[in-house]
Every structure is written in C-alpha cells, then in structure tokens.
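A short write-up of the structure that comes next.
The values are calculated or read from the model by the stated rules, or taken from the named source; none is laboratory data. Note that the coordinates shown come from a computational prediction; the quantities given were computed from them, not determined experimentally. Here the Cβ positions follow ideal geometry from the backbone for every residue, glycine too, while neighbour counts run over all protein chains shown.
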There are 2 protein chains.
Amino acid sequence: MTVDFHSWASHCQTLIENFLDSRLPGTDCVPRRLHQAMRYSVLGGGKRVRPLLAFAAGELSQADVDRVIVVGAAVELIHAYSLVHDDMPCMDDDVLRRGKPTCHIEFDEATALLTGDSLQTLAFELLSEKNLTDDTKTQLGMIKQLARASGSKGMAGGQAFDLDNVGKTLTLPELEFMHIHKTGALIRAAVMLGVHCSNSLNDTQLEKLDHFAKCIGLAFQVVDDLLDAEATTATLGKTAGKDAENNKPTYVSIMGIREARALAEKLQHDADRILNEFGDGAIRLRQVTDFIIKRKF
Amino acid sequence: MTVDFHSWASHCQTLIENFLDSRLPGTDCVPRRLHQAMRYSVLGGGKRVRPLLAFAAGELSQADVDRVIVVGAAVELIHAYSLVHDDMPCMDDDVLRRGKPTCHIEFDEATALLTGDSLQTLAFELLSEKNLTDDTKTQLGMIKQLARASGSKGMAGGQAFDLDNVGKTLTLPELEFMHIHKTGALIRAAVMLGVHCSNSLNDTQLEKLDHFAKCIGLAFQVVDDLLDAEATTATLGKTAGKDAENNKPTYVSIMGIREARALAEKLQHDADRILNEFGDGAIRLRQVTDFIIKRKF
C-alpha cells in the first residue's frame, strides 16, 4: 500500500534535513560564525518544495533514493543561498524569513554575503563528490543544468530582471520571462536532476517531463504572488504585502486576483495532462503539484 | 627554442581574455545590466596569475591547451567573483580595483551582488560543459576541488576568518591559517586543475606539486602584504595602504617588512626545490613563481 502524501512528504523532508545537517560544516568548525550562519539559513525550516519535486521525479524514474537526496539538497542549497542574498538591504531589504530574522539581521551583512556565496559553492561540491548516476557523463550534465538554472541566464538573471523593473509596468510576456528565470529554472532543475539519477526514461519522456516542470515552475510563482497579496505576515512566515508596497509587478497586479487564480489552475491542468501519460509512476509528482498549487503557507 | 616568459605569459593572457569574452554573455543578452557588470568585472584587466599557473602546470603534465584554458577561466571567474563581493560596502568597502571604479560603484550594490553570484555559477558551468580530461571521474574530482577551494572551508572561509579578526591581534599561525584559505586554496586549485587536464603525473608527483602550490599560495599573500605596505595607489591599481588603515593583521604588521620579505624568499626557495625535481618540464612554473614573488604591480 502506498503511504499517504503527507507521510511521504514528511519522510522526504526529514531525509533532506538530516542530510543537509550532516553535510553543512559544524558550528565548532572555523570560521564558526560563517558556519553558524550557513546552518541558520538552511536548517529547521522551509517546505522543501524543490527537494520534494526531486524525490517525486526520482520515484518516476525509479532512481536510488540515496542519490536523489544529494541532488535535492544541492537544489535546496541554491534556493537557500538566493534567499539569503535576496533578503539583504541592497536587494529586498527584508527582516523576516520563515518566521525568523533574516541572515543579515541575525548575523551581519558581510556574514550574509559570505553565507550565500558558500551555500552556492556547497551545492556544486555535493553534486561532484559521489556517483549520482550510472553514467558519469550524465552527472556532468546535471552539474551543467544546475549551473545554467542558477546563473545569469537562470535564477540570478531573473532576479536582475526583477530589480531592473521595480516600479515599471511589465507586459505579461515580460513578467513570464522574469518568473521562468527567477523561480522556474530552479524548479525545472529540481525535477530534471531527480529524474536523471536513473537512466530509465527515454528522450521523449524527458522532454515531456521538462515541459511539465516549466508549467509548475510558473504555477508556483503565480501562487506565490497570490499568497503575498492575500496572506497575512503571520501565516506566510515572511513579511506579507511587500510586493504591492514595493510596487513590484506581479501576476496579481497585472491580471487581478481572479485571473491569476484561473491561470494557476490552467497551468495545473496542463501539468496533470502530461503526468497522466506516465500513469501510476507519477503519483508523487501529481501530489507535489497539487501541494504547490493549493498551498496556503 | 622556448619563447621567453613575457611573450608566453602575454599569449596565455590573450587566450584567457578571448575565452572569457566568448563565454561571458553579451551585453545585448537580457538582463543587460547584469551581463554588462559581469563583463566589466572580468574582462580587460588583471595579471591573470591563477590562469598563468594553470597554463604552466598544464605544460608540466603536457595537457591539451584547449582544456587548460577552460580550467584557467573557471578559477579566474571564482577569483573575480570574490573581488566583486569583497569590494562591497559591507566587506572592504573599496571604490577602486584594477585602476577602475569597483563594480558596485560603476553599477550598484544589488547588481554587484548578483554579478558575483553569477560569476561563481559560470565557473562551475564551464567545468561541466565539455571534456576536460580523458577520464570523466577525474573531471568530477576537479569540480569538487574547485568547490572545496572556494567555499566555507576554502576562500570564503578565509574571508570570514579575516572579517572576524579585523582589529584583533593574530598569532602567526592564525595569520597563516587565514591566508592558506583566503588566497592559498584557489592558487592551489589553479595548479592542480591545470595539471589534471592530463593524466600523465603519478600520485607522488601530484603530492609534490600540491606542496609546491601551497608554498607559492602563501608566498603570493606575503608579497601582497608587502606591496600594500610599500606601494602607492598609482602603481598598485587599487587603494594602497588600506590594510594598515583598517588595522588589518598582515605579515608586515606581525613580522615587519624585512622578516616578511625573508619569508617570501624562503617560500620561493622551497617551491624551487620541488620544481627542480621535475626538470625542464617545470620551466613555466618556475617562471610564474618568479613572477609572483618579484612582481611590483
């Protein structure tokens, strides 16, 4: 019998937490303050959406869980680094993250800068230190994919595009461009890296899965905008309503809440249609998709 | 006949410049401001000491130059990212680098933050996108080595240790710990990654070369401290005398100029002794070592 989604997700979250805990340098390791800040910024919080996607994708390709843990952790470290830098005064200047003071508030700006830098490095260290595939060339391809998803033509590029356009009116295609980079690229990498831990899928299947990942990457951001517009700071665990306050273009500001919700549902529908072609093997991906679209916090 | 050192170095510098130019996204590529800042921070300046070391080490192991260019560029990108972040107001707060305004002055802080982030990512992208060795496993090992050299137990850790100790009195072993991490680790990676582009050296030789790399990594920093204490801003191309002004512990502040110079010479002697065991194949490494110790700007 298949365990229910929440038990499965909780199990995956524990696996990731334990693995990250074991791979982040201990607070007794010099430089202590940096290692404290790295652990503070990564451990003990977050929904771990990207690792969950990697685990679910790994189930589809019947990949070894011990491998998927590593790629899930690497993607989560990239995500964590981006949050630490994004919260800094020169970026979003945020003081609250996951219900705790942000890294530069709890520590200081210089430490936050080096913390983000070191978390990014650790992600690539993890992807290179043990066999994650049967074929080493595929592993190099996975490292390349994570790098492209994270860099100036991926996540960091999306953040730069975002900054360049604060206070400006974006068209819908421009907003989509921004989010495909800012959040979509890393979500796509989480799915594809999870799948690549096993060679069992053919190229056509990989392409379909990549399309699925694009859909949910975008859906994730639409829901994020909706949550920011609707939620309170208490349920969100970070400062709510910042987007409107900062006059940031969002799906809600361009389309309105009702249309944005309809778009999220359409993207979920597209994603589901692709997953249906994979049958029962895609059950966890279906559940994580559902979790992403319907999350309330 | 072997070409003289300056012609050889100039040729290597051109190769690296052209390769970096070709691999950094163009300024017509969105987000334009980020890509402008990345190119601004990397191209058209610098002695390219780390790539020169990679080239010289590659000559020793008779590695394919096309491979060595890639690892030299990757190491240089890590170095460039660290400079961009290091110059930011929350770190060294410097306004001049290589005779030009620093990245956050020429652009803005947020762009400088994302520029450093993206340069780091590009380094790992370069190391994963084509064959750099005959054996793919060795290539994964090279990525791991660059990650370890750059992260919280390498370069970034050294910077954190440095920040933690501004204004404090360091012992000589503490100062050495700091520099082995802050600059030594990346210099060591430059040598070892260059050598690993070919499998021709045995483990004993690799170990000796690693020891050589540690010696010159430390020598490089001792000379840096000497230059900062002795040079003027004009010859240095960056703000001179900052160390003393910031009350930073340096080899000069702990040992005095005369002793620091003697230490640099001793380290060069140790390095030379190791290189002599490699005979004529090590000529470029010998020349680069000489260049590092005797540089005046």
Practice task
Read through the list (1) modelled with pLDDT of 95 or more; (2) within 20 Å of the chain's Cα centre (by Cα), then give the number of the only condition that A:E106 fails.
Solution key: (2)
Handout entry: Qualifying residues in segment B:132-148 (those that are surrounded by 24 or more Cβ atoms within 10 Å (Cβ to Cβ), within 7 Å of another protein chain (Cβ to nearest Cβ) and not small (G, A, S)) - the one nearest to B:R67 (Cα to Cα)
Key = B:Q139
Completion exercise
If we keep only residues of segment A:27-43 that are of a type outside the set (A, V, I, L, M, F, W, C) and free of Cβ contacts under 8 Å to residues at least 12 places away in the same chain, then the residue surrounded by the most Cβ atoms within 10 Å (Cβ to Cβ) is A:P31
Completion exercise
Of the conditions (1) in a helix (DSSP H, G or I); (2) surrounded by 24 or more Cβ atoms within 10 Å (Cβ to Cβ), the single one that A:L83 does not satisfy is (2)
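Could you check segment B:91-162 for helices (runs of 4 or more DSSP H) lying wholly inside it with 3 or more residues that are aliphatic (A, V, I, L, M)?
Numbers: elements: B:103-106, B:109-129, B:136-150.
Answer list for segment B:91-162: B:109-129, B:136-150.
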Fill in the blank from the handout: Screening A:D108, A:D117 for residues that are among the acidic types (D, E) and buried (at least 21 other Cβ atoms within 10 Å of the Cβ) leaves only A:D117
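Each row is one residue, and each column tells you yes or no for (1) surrounded by fewer than 23 Cβ atoms within 10 Å (Cβ to Cβ); (2) away from chain B (no Cβ under 14 Å).
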site	(1), (2)
A:S150	no, no
A:M155	no, no
A:D164	yes, no
A:T169	yes, yes
A:E176	yes, no
A:L201	yes, yes
A:H211	yes, yes
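Residue by residue through segment A:115-131, note down the ones that are more than 8 Å from every other protein chain (Cβ to nearest Cβ) and modelled with pLDDT under 95.
First pass over segment A:115-131, keeping only residues more than 8 Å from every other protein chain (Cβ to nearest Cβ): A:115, A:119, A:123, A:126, A:130-131.
The answer is A:K130, A:N131.
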Practice task
Working only within segment B:254-292, note down all residues that are out of contact with any Lys or Arg (no Cβ under 8 Å at 6 or more places or on another chain), over 17 Å from B:A54 (Cα atoms) and in contact (Cβ under 8 Å) with a residue 12 or more places away in the chain.
Solution key: B:I254, B:M255, B:I257, B:A260, B:R261, B:L263, B:A264, B:E265, B:L267, B:Q268, B:D270
Practice task
Taking the residues in segment A:200-258 that are in contact with a Phe, Trp or Tyr (Cβ under 6 Å, 6 or more places away or on another chain) and more than 18 Å from A:H269 (Cα to Cα) as candidates, determine which candidate is modelled with the highest pLDDT.
Solution key: A:D225
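State all residues of segment B:163-176 that are outside any helix (DSSP H, G or I) and within 19 Å of B:C90 (Cα to Cα); if no residue qualifies, say none. Steps first, please.
Narrowing segment B:163-176 to residues outside any helix (DSSP H, G or I): B:165-171.
Listed by number, the residues that qualify are B:N165, B:V166, B:G167, B:K168.
Test B:A73 against the stated conditions and say whether it is buried (at least 23 other Cβ atoms within 10 Å of the Cβ), in a loop (DSSP other than H, G, I, E, B) and of a type outside the set (V, I, T). So that I can check it myself, show each step before the final result.
Numbers: buried (at least 23 other Cβ atoms within 10 Å of the Cβ): yes; in a loop (DSSP other than H, G, I, E, B): no; of a type outside the set (V, I, T): yes.
No.
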Practice task
With the condition kept exactly as written, say whether any residue in segment B:104-114 is touching a Leu at 6+ places or on another chain (Cβ under 9 Å), of a type in the set (S, T, N, Q) and within 11 Å of chain A (Cβ to nearest Cβ).
Solution key: yes
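This table checks each residue for (1) within 23 Å of A:V223 (Cβ to Cβ); (2) at pLDDT 95 or above; (3) basic (K, R).
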residue	(1), (2), (3)
A:N18	no, yes, no
A:G26	no, yes, no
A:R32	no, yes, yes
A:F55	yes, yes, no
A:S61	no, yes, no
A:I69	no, yes, no
A:H79	yes, yes, no
